[in-house]
1. Please sort by residue number the GluC sites (Glu not before Pro) in the stretch 480-511 whose DSSP state is loop and whose Cβ has at most 12 other Cβ atoms within 10 Å.
2. So which trypsin sites (Lys or Arg not before Pro) in the stretch 338-378 pass both tests, a DSSP loop state and at most 16 other Cβ atoms within 10 Å of the Cβ?
3. Taking the radius of gyration and the Kirkwood hydrodynamic radius from Cα positions alone, what is the Rg/Rh ratio for the stretch 112-264, to two decimal places?
4. Would you report the distance distribution of C-alpha pairs in the stretch 1-66 as whole percents per 5 angstrom bin, up to the bin with the largest distance?
5. Any idea what angle helix 443-460 forms with the longest principal axis of the chain, computed on alpha-carbon atoms, 0 to 90 degrees, nearest 10?
6. Lone cysteines in the chain, going by a 4.7 Å Cβ-Cβ cut-off?
7. Search the structure for amide H atoms under 5 Å from the amide H of E104, placed 1.01 Å from N in the peptide plane, and list their residues when 5 or more places away or on another chain.
8. Along the three principal axes, how long is the chain when you take its alpha carbons, biggest first, rounded to the nearest angstrom?
Amino acid sequence: MAIFSKIGVVGAGISGIAVAKQLRHHNPIIFEATDCLGGVWKHCSYKSTKLQTPRCDYEFADFPWAERDNTSFPSYEEILDYLYSYATHFGVFELIRFNSKVVEIKFVGNQDPEGNSDFGNLLNGRPMWEVAVQTDQSDHIQWYAFEFLVICTGKYGDIPNIPQFPPNKGPEVFKGQVLHSLDYCKLDEESSLELLQDKKVVVVGYKKSGIDLAVECAKANQGPKGQPCTMLVRTLHWTVPHYSVWGLPFYIFYSTRASQFLHERPNQGMLRNVFCKLISPVRKAMSKTIESYLLWKLPLEKYGLKPEHPFEEDYGSCQMAILPEEFFAEANKGMIQFKRPSKWWFWEGGVQFDDNTKLDADVVIYATGFDGKRKIKTILPEPFCSLIETEGMMPLYRGTIHPLIPNMAFLGFIESVANLHTAEIRSIWLSRLLDNRFKLPSIPKMLEQTQKEMEIMKKTTRFYKRSCISTFSINHTDEICEEMGWKSWRKTNWLSEAFSPYSSQDYQEEN
Ligand SMILES: Cc1cc2nc3c(=O)[nH]c(=O)nc-3n(C[C@H](O)[C@H](O)[C@H](O)COP(=O)(O)OP(=O)(O)OC[C@H]3O[C@@H](n4cnc5c(N)ncnc54)[C@H](O)[C@@H]3O)c2cc1C
Ligand SMILES: NC(=O)c1ccc[n+]([C@@H]2O[C@H](COP(=O)([O-])OP(=O)(O)OC[C@H]3O[C@@H](n4cnc5c(N)ncnc54)[C@H](OP(=O)(O)O)[C@@H]3O)[C@@H](O)[C@H]2O)c1
């Protein structure tokens, strides 16, 4: 017999706790598969993992960091402390059921044959979804029924993206050790040192997890028997050493209303279409300014690491990684090396490349990212499961609701530069929607809006599959504010409206 309740939330990472706080007047039940909150900050962190921005850019609107003027980038431990304080302060902690993994979801509402569903009657007292929850990794399953379900299972973590190989070319032929960055995160300090020290390590992947790992590896190999770490780089991306470009603050380029005015956005109309075409040389010049700085500051050409695509495309797909200070210092010492094969596979002594060269290795670590959508696909039934992905993107209205999936919301699947704010403002929107303070538009209108957003993402960057709104985030939030009945221009004067960045502090709750 299913236990009936109003709202269920799956996952207690940032998105889960943000939405639970906004919905706590409905007494939601939050299911968290592990024994702690914080998601990736608990399970995907190395000892060197830090926030990629100062703390005030990753802050709940009504819960400032204790030392918010401290400009250092907080460690993952500080972030976890902050999240625990937030969850405790707002009474979210006691709503979380830890060690409770959602293993199956069933739709039990009405759906007409046209696919039009119960959207609009969001909290109507009738169960819409049933959820099977496995507790404490036992075989015991308890079913729950909910009027509304919020999926906050995260884009990263939990399910590693593992490279595939033809028979006899995979890790089974390799005599050394192979693991994913997710396994590395589980090691304590002593075990991770033991894994890396005086070992020939190959790191697969040239994004944030790979870059940080290469630095940890170089640091563990400083002794007389130290070995270099080799990074396998498939696609080059721009990396940034800090948030200043030719003496200008980085936010000037992309995070103000004035700078985002130069970029395309959904629903922009004919006139803006023409304007955006005419202004494209200015956008290109801004991207080039950043590229020229990065090429001057970092030895990208020396190591063959200069990307061919514009910086703007990495920014527009939320792929900008902040480089640890020591990265190129270690490369200059020869402790981090780079290989750029178009194909690679294993042999018994290491890895082999398509130019028939071989590299000896003791350990190969996949820093190859995650398969976040699979977390949803394994629990969501058809026909909804097939709707989750369109051309690699999740088509979500306001980054939250799939127009064809009734009484369900998804948080944490659309990204911007500050993902905590992105999740929080959508949680506020969702809470007001569930409280009937505004209504959703018709399903065709929502589909049209999501389609327009996907088109803009596709135009902005070849890496659009990451569902990122960083070049039109302020406009996206404006529309959310307007729909909730909030004012969208939230600064005190025109100058700061145009030229200062927007953060969660600008979105203090309105009545
Ligand atoms: C190492 C790392 C560092 C990052 N650094 C930054 C940064 O500096 N700045 C930034 O803006 N973003 C950063 N990000 C992006 C980050 O993903 C978001 O900022 C944010 O933390 C995501 O939170 P979430 O709650 O959406 O997802 P998650 O943190 O992934 O949380 C999902 C939760 O759901 C639980 N769960 C999953 N499946 C189930 C299930 N079936 N049943 C029950 N529970 C389930 C998981 O256990 C987990 O606790 C980083 C990501 C990673 C991996
Ligand atoms: N705050 C922090 O310090 C921090 C730390 C770690 C991660 N993060 C965040 O966490 C998220 C995930 O980052 P991530 O670095 O783990 O994953 P990711 O961004 O998905 O990067 C995966 C990397 O692996 C490469 N790759 C995948 N399969 C490969 C294969 N078969 N052969 C060769 N290379 C392969 C990818 O190359 P292609 O580009 O060619 O696909 C890419 O370079 C990001 O949002 C990141 O910003 C943040």
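Read the figures in this text as sums done on the coordinates, not as results from a lab. Everything numeric here is computed off the predicted structure, so don't read it as measured data. Backbone-built Cβ (ideal geometry, glycine too); neighbour counts: all protein chains shown.
1. Sites meeting the loop and neighbour criteria: E509, E510.
2. K343
3. Ratio of gyration radius to Kirkwood radius for the stretch 112-264: 1.12.
4. Reading upward from the zero bin: 4, 14, 20, 21, 19, 12, 6, 3, 2, 0.
5. The angle comes out at about 20 degrees.
6. Cysteines of the chain left without a disulfide-compatible partner: C36, C44, C56, C152, C185, C276, C385, C481.
7. Those qualifying (amide H under 5 Å, at least 5 residues apart or on another chain) are A132.
8. 68, 60, 46
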